[in-house]
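Structure record follows, encoded as C-alpha cells.
The values are calculated or read from the model by the stated rules, or taken from the named source; none is laboratory data. The model shown is predicted, which means the values in this text are computed figures rather than measured ones. We place every Cβ from the backbone using ideal geometry, glycine too, and count neighbours over all the protein chains shown.
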Amino acid sequence: MLGDKVRKSLRDLDRPLSALRPAADMVPPFHKLAIDVIWAGFRIDPDAVRPFLPDGLVLSPASIGVLGIYQAPTGYGIAPYMRGLVGVSVEGGRGSDIGEGMFVMGNIMDEPGAATMRKFYSGATVEGVARTWRDGELLHGVASVGGVDWLRATIRPGELRPALSGVDNFLGLTDAGLIKHADSTVADLADADIVTLEITDAAPDYMRALRPVEYVFALDAVRVNSIWSEPRVVGRTASGNAASVFLALIEDTGRAAAVVRQDGTLIEANASGRALLGPDGSRAGEPLLSGVPAEKHALCQALKMSCARKGPRVSEPIALTRPGGGHLLAYVMPLEHGEHGGDAALVLLADPRGPERRDAAQMLQLFGLTGAEARLAALVGVGHAPRGAAAELRISEHTARSTLKTVYDKLGINKQSELGHLVARLQYL
C-alpha cells in the first residue's frame, strides 16, 4: 500500500501527472494504479436521465447513479491521469449483446489521458483536473473544468478491507459507436458514509440530470490496481445473429464457448473457445473435436435435446477427445434467439485439468435473468437462505422471495436444490 509520503510526493509535483506518460501511441488493454478513490452510489430521477441515454440502453431496475473522483499516478497506457466521472446503471434490451453495466455520462480528465479516454472509451470527456485529499477522518474530492468545480464530494471512511477483487462492465459512446469494456480490479476498500455530494450548477445538463435523490453507498478505495480491457462495439440485436451475440456476451466472462448444430458441426466459437480448441482443433463447418463415435453420439444427443428444449437447462458434462490428446468437457445449453435457435445450441467448453470456481451470476443472465435476478439466484444457488441473500444484496426479504419466484419461472424449476445444481455447473465452466 502506498504510504502518506508517497502520496504527498505525487501530489506535490510541479507539473500535471499526465505529462509523465510516454508519447507512444498505446492501445488497450490499459493498466492503472489509483489512490484515495471516492466512489459513491445514489438513486436518481429516471425521468431526468432517460433523455440522455443512447438508443439501445435502458435504466436498470435499481436506477443507481455513481460519482467517482480519483488520481491514477502510475500505470500503462492511459495513466497517469486525474479523473472525475458520473454514470448510471443500465442494461440492453433482451436479446442484445449489451448486457448490464455502468454507462459513463461524463468524464473530467487532464490531457493526454482525456484524449485517450475519448478515443477508446467515452466521447463525453472534457479536459479538467481532479484531486482527492484526506483531512482527519474525512476524504474530500473535487473535479473542476476551467477552474470551476463541477463535482464535489466528502465521505467518512470506515474499516479497511484489503485485497478485494471484482470485475465491472462500463459502457460509453465513442466515434465507433456504443462500446463496452471490463474493468478488473484488486482494491483495498472501506465502506464509507456520504457527508456531502454535489453535481454543481456549472456542470452540463447531462451531468446535472444525475443529481442524487437518495444516497445508497460510498466507498473509499485507498489503492486500486485495475486493468481496462480492449473495448468492443455493442448494440447489435440478436435477431439476426445469435451466435455472435451470445459468444460476445460469454467472452466478457472469460469463458470458452461455441455454437454447434444438432449434427455436431461447429458454426462459430469465441476467442476463448478457439484458444481452448487449439491450432489443430475444429474450424467452422467441421465436426466439433471428437472422432470417437461414442463421444459424438453423446454430444449430438445433448444437442438435439437442447434444441428441442427438453432435459436440463445445462447438460451433464460430455468428454471430447482433442486431436493432439487430452480431453475437454462440453456442456450444452439452449440458444435462445436468432436464426440458429431451432437447429443449434450453445456449447460451453472447459478444461477438466483444473477448473476454477467462478461467479455464476453473469452466466445466469444468458437464461433471460436480469442482472439483479442473476445475482440473487447465484447467492441462493450456493446455499444462502433468501433472508441472508437479501441482506447481502441490501434488499428486503419480501423483494428477494418475490424475485426468486420470477427466477424459478424463467428457469423452469421449482425448488432451491434444482437452482443449486444449475449454479454448481456454471461455477466450474
Exercise. (1) modelled with pLDDT under 95; (2) farther than 30 Å from Leu335 by Cβ: which one isn't true of Asn169, the others all being true?
Worked result: (2)
For this session: Working carefully through the options Leu210, Leu189, find the one that is part of a loop (DSSP other than H, G, I, E, B) and of a type outside the set (S, T, N, Q).
Result: Leu210
Exercise. Are any of the residues in the stretch 232-240 among the polar types (S, T, N, Q) and buried (at least 16 other Cβ atoms within 10 Å of the Cβ)?
Worked result: yes
Exercise. Which condition number in (1) β-branched (Val, Ile, Thr); (2) buried (at least 24 other Cβ atoms within 10 Å of the Cβ); (3) more than 29 Å from Arg394 (Cβ to Cβ) is the one that Ile69 fails?
Worked result: (3)
Seminar exercise, completed: Exactly one of Ala372, Ala350, Ala424, Ala360 is modelled with pLDDT under 85, in the same structural domain as Tyr331 (by TED's automatic domain parsing) and not charged (D, E, K, R), and that one is Ala350
Problem set entry | Residues located in the stretch 281-321, provided they are assigned to a helix (DSSP H, G or I) and within 21 Å of Leu426 (Cβ to Cβ) | Ala298, Leu299, Ala302, Leu303, Met305, Ser306, Cys307
